[in-house]
Amino acid sequence: QPHSPPVMATPAATEEPEVVAMDCEMVGVAGERYDPNDKNTIENALCRVSVVSGNDKTGYQTLLDVWVAVEERIVDYRTAITGIDSNTFAQKPLIPHAEARARVQNLIKGKILVGHALLNDFKVLKLRHPIELQRDSSFYRGLRPAGWQQLMEQKHSRKFVKGRTPKYKITPSLSTLVSHWLKETLHTGTHCSIEDATAALKLYNLHREEWEASLVNLSEKKKSGSADVVSLSAAARTSSPRPSTKLPTPEAAKYEKTQQELALYKRRLAAAQKKKAALAAGNGEAAPSP
């Protein structure tokens, strides 16, 4: 349901998690802040979700492919992408959002989940999945073609501010990665969530060894960094306390008196400069200080 709280898909106890891939299709709906004159106020809503598994040797299987009822008012069917309109969508065998979410949760629980821009899918599903089990093809740098980052910076030069714009703000599309690595064409017409999920899974299978190795190295670096922080923290607690920067009472009084004398000297100096300027001008009036 639209207002259902997110559900956490917790991992099952297994040394080598299975791998599945997921993709969602979405329509545009009128949310609380919807403005008919502003397309940016249109929100996403789940209308289809697919989950697949497999590899090139055994083939790829569709574990789930369902159309989902949308309770919010649909203002954009995104027909060019989804292939549906008000009439065709009404004829689909729709299931409730809560049922779709539960079925997805059961399929991905404890498994490595592959996808492209998974955050968007999680948001419309109102579902969470452990970060250590996510494999997002839009963020894995090992999939990016050589020179891709420089090309994007040139193409979107206005979006980049040196030293300020994170490089991950512009990520490659799934069709770009499929064209580069699989030498296939994706999205010649409308999108299909089964095809998109399968394409992401093919990319993962192709790079699985180095992808997983990069995560192991990252995990080791994080652990090492955490150990260093703990070590420094412990050293700080066991080391002798820092001397107080607060001045003793007699010294504080002496310091305050010196500051007052300095302020008085500055005022007298300013007055003398004004008087000197006035005499120099020959008008006998106090001239503004320089």
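Bear in mind that the values in this text are calculations on the coordinates, not laboratory data. This one's a predicted model, so the numbers in the text were calculated from it and none came from an experiment. Note that each Cβ is placed from the backbone with ideal geometry, even for glycine, and that neighbours are counted across all protein chains shown.
Given labels modelled 7 Å from the Cα in the Cβ direction, how far is it in nm from T258 to T62?
Those two pseudo-labels are separated by 8.3 nm.
A 23 angstrom limit on the alpha carbon distance is what I want to check against. Which of K39/K123; K57/K111; K57/K92; K39/K92 exceed it? Write down the numbers at each step before the final one.
Values: K39/K123 19 Å; K57/K111 20 Å; K57/K92 33 Å; K39/K92 26 Å.
Table pairs above 23 Å Cα-Cα are K57/K92; K39/K92.
Work out the P(r) tail for segment 46-97: percent of alpha carbon pairs separated by more than 19 Å, whole number. Before the final figure, lay out each step's value.
Working: 490 of 1326 pairs.
Considering segment 46-97, 37 percent of its Cα-Cα pairs are separated by more than 19 Å.
Going by average Cβ neighbours within 10 Å, how do the peptides 74-86, 191-203 rank, with the highest at the top? Can you show the working numbers first?
On the way: 74-86: 15.5, 191-203: 23.1.
Listed from highest to lowest mean packing, they are 191-203, 74-86.
Calculate, axis by axis, the spread of Cα positions in segment 25-158 along the three principal axes, and write the results as whole Å, longest axis first.
Extents along the principal axes: 44, 43, 26 Å.
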